[in-house]
Amino acid sequence: MPGARLSGFVLRGPALRWRIIIVLLVAAFLPLAIAAFGAWIVFGNLLEQKALEQMRTEVQSHARAIEANLAERVHLLQILVVSRTKKDISDPVRLRLYLEELNHSSGESFVDLGVIDEKGRHLAYVGPYDLQDRNYLETDWFKEVMSRGVYISDVFLGFRRVPHCIIAVKAEDSGRPWILRATINSDQFDALVTSGDLGDNSDAYLVNRQGLYQTRPRVGALLEKAPIDSLTFHRGVRDSRVMVADSVKIRVTTWINDDRWMLVVERGLAAVQAPVNEAIAKGALVVAMAVGLLVVTTFLATWHLIGQIDRANAQREKMTQAFMRSAKLASIGELATGLAHEINNPLAIINAEQTNISDLVAELNENPAPGEQILQSVERAKKQIQRCANITRKMLQFGRQRETSLEPTDIVPRLEEIVNLLRRQAAIRNVEIKIEIDNDLPPALADPVEFEQVIVNLINNALDAMHDGGEITIRAFSGDNQIHLEIKDTGSGIAPENLERIFEPFFTTKPVGKGTGLGLSVCYGIVHSWGGRIRAESALNTGTTMHIALPPVTDKRKFKDR
């Protein structure tokens, strides 16, 4: 930003430090937060899909294990009926021995064994129930076995009135069919369905096509209706989200046992998302470490940057003071002609009064009456001497290096005094200075000495732009909670390509040796240091208008930290 006094309104110390820190952190955190959120969405969904795929794989593997277990039990019964005769197996003693051997081979998989003829009568039975005299000719499972040869039933009550599941295989002896039937150990089968590689957070059970439990779930009992809306057959493994007991669960299903049973595995959504949350937590830890490193780096970089800014501001402040001193000296040189006329006038009056006093003193010896005239001449001489002293004091004060002091400043008398000071200099150049000031203009918050410096610089620039005479109009008025000053000339104007550069240090359109290029730059810095604004409007061969807007004294609180 152009201007020699910009350091007057640059933030310093803690205010600038914290502003830079906030800007840097926001600039760094915003893309980091967007990236983290995007990664959380994308990778979260990806990890959840992977978790679901793993769950589907586990269910598929578990279904194969259940199918293999059932096939093994069927195979054991088939080996028994192939390797033994009907007569041998129908012996109760031998049948019990065979049951023990089967359980030894299968890990206690069977509860009982029964041999049934083609008319549904028990030829032999070993087990905990009294079924020896039961006839199964009209039962569904008997008909299925006679039709298929091998059958694994749904869970049913039967004659024993206890939920159970049977495996039955058909054999022939002398062309006459017979059946070896075994009851599955429900506790062992339930344990097989609910355990395995599914994990402790899963609930697994079997339902038949009517939706009745075939194994015991965590909540419910055998042969109760399972809370499943649809039992549509499907190939492979399928997953869905369901609401069970006021909690969201992932349900994975697949059909087994010749598509007569559906294996259902339910796992809480939180359990499915646990690996996802763990991965996100680890990622969040990494992000938190990155954020911590970023904050530390930002603080260190900011402290280093502020140090450099403070040093640059101090150096610029020194240059600003030098610029202002040079500008003041240049202005004093430009004022010399007008000031010489201003001082010569009272000196001429003093000289005339001195002559008058000498003549009157010479007459005192003859006539004492001139004494009153002598006193009047002395008084007039004293006033002119005081006038010369005021002029020289203002010149010294104008050129003296000093600190800026903002205070309520009544600009009206100062404008009038400056105009009176420069009017003779303007008249020499055939330039008329007019002044228009609104009534009841409030005080401005400014430095009085610097105010005079700014106005004098602007008027001198206007005079330099009017080589053939012209008119300078100075207006002062209030509006928009500001005090406005306009210094308008009818000079040569400023070219459009130079208008934006006039406030740059050392930029000047005057011939070599006629200007330093510091006047408007210093004015810009001074006005902005008060919290005001300065701008220029110009057109070639028409003239230039300098606009200044200053804060009124009522806004002093806004500038107390500047």
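The values are calculated or read from the model by the stated rules, or taken from the named source; none is laboratory data. Only a predicted model underlies this, so the values are computations on that prediction, with no experimental measurement involved. Cβ sites come from the backbone with ideal geometry, for glycine too, and all protein chains shown count toward neighbours. In case anyone asks, the SASA skips ligands and DNA or RNA and just uses the protein heavy atoms, side chains included. Shrake-Rupley method; radii C 1.70, N 1.55, O 1.52, S 1.80 Å.
Things worth noting here:
- Estimated FRET transfer efficiency when R0 is 51 angstrom, pair Glu537-Ser247 (beta carbons, to 0.05): 0.10
- Point-to-point label distance, Glu436-Leu137, nm (Cα→Cβ direction, 7 Å offset): 13.0
- Compared with the direct C-alpha span, the chain from Ala290 to Ile79 gains 69.2 nm at full extension, assuming 0.36 nm per residue.
- Heavy-atom SASA rank of Ser186, Ser529 (probe 1.4 Å, accessible area, largest first): Ser186, Ser529
- Glu500-Glu278 FRET efficiency (beta carbon distance; Förster radius 60 Å; 0.05 resolution): 0.50
- Counting heavy atoms of the protein chains alone, Phe37 has an accessible area of about 120 Å² for a 1.4 Å probe.
- You can think of it this way: the chain between Ala191 and Ser174 has 2.1 nm of extra reach, that is 0.36 nm per residue less the Cα-Cα gap.
- Residue pairs, from the table Lys170/Lys225; Lys87/Lys119; Lys87/Lys143, whose Cα atoms sit over 20 Å apart: Lys170/Lys225; Lys87/Lys143
- Sum of side-chain charges, Gly543 neighbourhood, beta-carbon under 11 Å (Lys, Arg +1; Asp, Glu -1): -2
- Cα centroid separation, region 243-258 to region 91-123 (Å): 36
- Projected label points at Arg429 and Val23, each 7 Å from Cα along the beta carbon direction, are separated by 4.1 nanometres.
- Fully extended contour minus Cα-Cα distance, from Gln49 to Trp303, at 0.36 nm per residue: 86.8 nm
- Pair Arg260, Val42: separation of 7 Å Cα→Cβ label points (nm): 5.1
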